[in-house]
Amino acid sequence: MNWLREFVRPKLKRLVGAGKEMPDNLWHKCPGCSQMIFHRDLEKYLHVCQHCGHHLRIGADKRLAMLFDEGAFEKITWDVPKPDPLKFKDTETYAARLKSARAKTGDQDALIAGVGRMNGLPVVVAALNFAFMGGSMGQAMGAGLLAAARKAVDEKAAFVVIPSSGGARMQEGILSLMQMARTTIAVDEVKEAGLPYIVVLTDPTTGGVSASYAMLGDIHIAEPGAVIGFAGQRVIEQTIRETLPEGFQRAEYLLEHGMVDMVVPRGELRDTLARVIDMLLNPEPGRRVDGSDQDIDLLEGEILPPARSHRPGAAPVPGDD
Amino acid sequence: MHNYLDFEKPIAELEGKIEELRHLSSDGQMNIADEVGKMQAKVDKLLVTTYQKLTPWQKTQVARHHDRPHAMDYINSLIDDFTPLAGDRQFAEDPAVVGGMGRFRGQSVVVIGNEKGSDTVARVRHNFGMAKPEGYRKAQRLMKLADRFNLPVITLVDTPGAYPGVEAEARGQAEAIARSIEVCFGIKVPFVSVVIGEGGSGGAIALAAANVVVMMEHSVYSVISPEGCASILWRDGDMAETAAGALKLTAQDLADLGVIDAIVAEPLGGAHREREQAIQSVGKEIDKQLAELAALPGDALRSARREKFLKMGTNGLA
């Protein structure tokens, strides 16, 4: 079968003289249906395949731009912790892997966070970039999530987290595991401040990220088809020595099993988030800010208080953690 | 008769010879006391030198040793009136997580542990210490019970990790672990955690987000097993030994990284050689740590626990 593998590609490029002015990424192949998507359509449909509805993975900066009003937000910054705490080396050093991930993405690490408005509502969004070492969680992510959570508390904003991660960053050893604890505390600070904490589970959310802050939201929204779970499918198959059923660990499977509240297509995500956040931040009538008639315009810089304490006759929340 | 690990071969040979001599002398003719004494001294010396410089991979093997005392051994020895409590009140009882209440040095406590089981039948029953969601949810229930009655919590960590299976995923393994960590940080009682063997990733920290985390001298605690790490990063499971070194998973490494608070010395040749002695050393350490924590009010315990873990973001080896 050598002739199949070792055929010589006709040198079409040289024949037609195509070159510099032709960008080579005009068309994208959908990982779902293998059909080609024109790059303008990709942008237009928020990186959802118009043929099969497959939700392509997108970077954290795109996520933020997609959700804030006019795509405008203030980036949240934090001190980047000491990189490579273990001086880790596998087939390559962690320092080198980190360097190339930074060069590839232009970011310091896998988490990007911003504060801004969503339909006028104060919101902090933190999103993970799967392209940065599989969105893995190390000390930098812990620091970033904590900074974002505290920003939400300071601004009395809703906190929206959009994970996309294979789990803990092994190269940081036990310190990456400790970030599960740290991020859990971070999101609890938001919840304890009476503010909504909403998780948008995207493809993939597994391992240490799913087993910490990603599963502790007040509301869990998942993107269609996203793989969400604790153990990797290969590990499970090795354990049970069986092939996994179709659709296992997909968003729809989690919905069926009670682990997420809703599966929402990307095109409806912003409206869904804004509606939910509005209800949670502004429970009293006449405080709507979503553009409908009963609107009360927000004054510049006005911050809406979490209204729980003002609710007349509010029953205490049943004792839970 | 011991179960020997690979690197204990010279020790095994010497102890085999001693055994042989003893057998011969039972015939009554030879006086072997001198010879046996000399050889025993050699064995002790060999144990000291071997166990002083165990590699991270060797420690992993010691931590997983079948004869090592397991959670129930500690509970049976250290806890009076132990009253096991079962079930998560939602789905099932998970024998991979044992727990209940009892008296430690007279004080009522709640104890929770990963149990691996000490023989084949028990190992299967306890699912080799790999908990399912119901195990973590049971742990949450017991921690909340402790909180309600102001009882200190002791956890004994010894698991290869949370169980990776279809039912576990279907019932929300990730959520169960996440929620356990959250409950650990919510309770307002003294909370001491001891890694007695293997601290396997999320399945371990679900029970170990404590005020004080103690490790046994030859225990390990890691984000992933050396085998798992080797097969992912090296794409070669045989590189586990190298991965064990790179992961910095020994008690000594974790103390250097500021992740744990104390190390309990093990008997000569590891906890599996002198089980009761190892158990009593752990008891002494728990006693000491609980006494210190007892002075703090509930809110302070809770916030100190959080502060401690929040600081674990700027660490590293010098």
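Some notes on this structure:
- Pair B:Lys9, B:Leu268: separation of 7 Å Cα→Cβ label points (nm): 2.4 nm
- Theoretical FRET efficiency, 1/(1+(r/R0)^6), r = Cβ-Cβ of A:Ala96 and B:Arg235, R0 25 Å, to 0.05: 0.90
- Cα gyration tensor shape of region A:57-303, rounded if a/c is under 1.5, else prolate or oblate by comparing a/b with b/c: oblate
- GNM on chain B, alpha-carbon springs under 10 angstrom: the most fluctuating residue among B:Ser108, B:Ser118, B:Ser303 is B:Ser303.
- Anisotropy class of the protein assembly as shown from Cα gyration tensor, a/c 1.5 cut: oblate
- Taking a ≥ b ≥ c as the square roots of the eigenvalues of the Cα gyration tensor, chain B is prolate, since a/c reaches 1.5 or more and a/b is larger than b/c.
- Comparing B:Val36, B:Val62, B:Val157 in a Gaussian network model of chain B where C-alpha atoms under 10 Å apart are linked, the largest mean-square fluctuation is found at B:Val36.
- Values of log10 I(q)/I(0), in the order q = 0.14, 0.24 Å⁻¹, for region B:6-53 under a Debye, Cα-only, solvent-free model: -0.37, -0.83
- Between B:Lys17 and B:Ala291, the distance separating the two model label sites (each 7 Å from Cα on the Cα→Cβ line) works out to 4.5 nm.
- For residues of A:230-237, the mean tally of beta carbons on other chains within 10 Å: 6
- Charge context of B:Glu241, other residues only, Cβ under 12 angstrom, K/R +1, D/E -1: -3
- Local net charge near A:Met178, Cβ-Cβ under 12 Å (Lys/Arg +1, Asp/Glu -1): +3
- Counting only cysteine Cβ atoms and a cutoff under 4.7 Å, the protein assembly as shown contains unmatched residues B:Cys184, B:Cys229.
- Spin-label model distance (nm) - B:Ser25 vs B:His66, 7 Å beyond Cα toward Cβ: 3.0 nm
- For A:Gly229, net neighbour charge (Lys/Arg +1, Asp/Glu -1) across residues whose Cβ lies under 11 Å away: -1
Computed from the coordinates by the stated procedures, all read-outs in this text should not be read as laboratory data. Quantities reported herein were computed from a predicted structural model and do not represent experimental measurements. In this analysis, Cβ positions are derived from the backbone assuming ideal geometry, glycine residues included, and neighbour counts consider all displayed protein chains.
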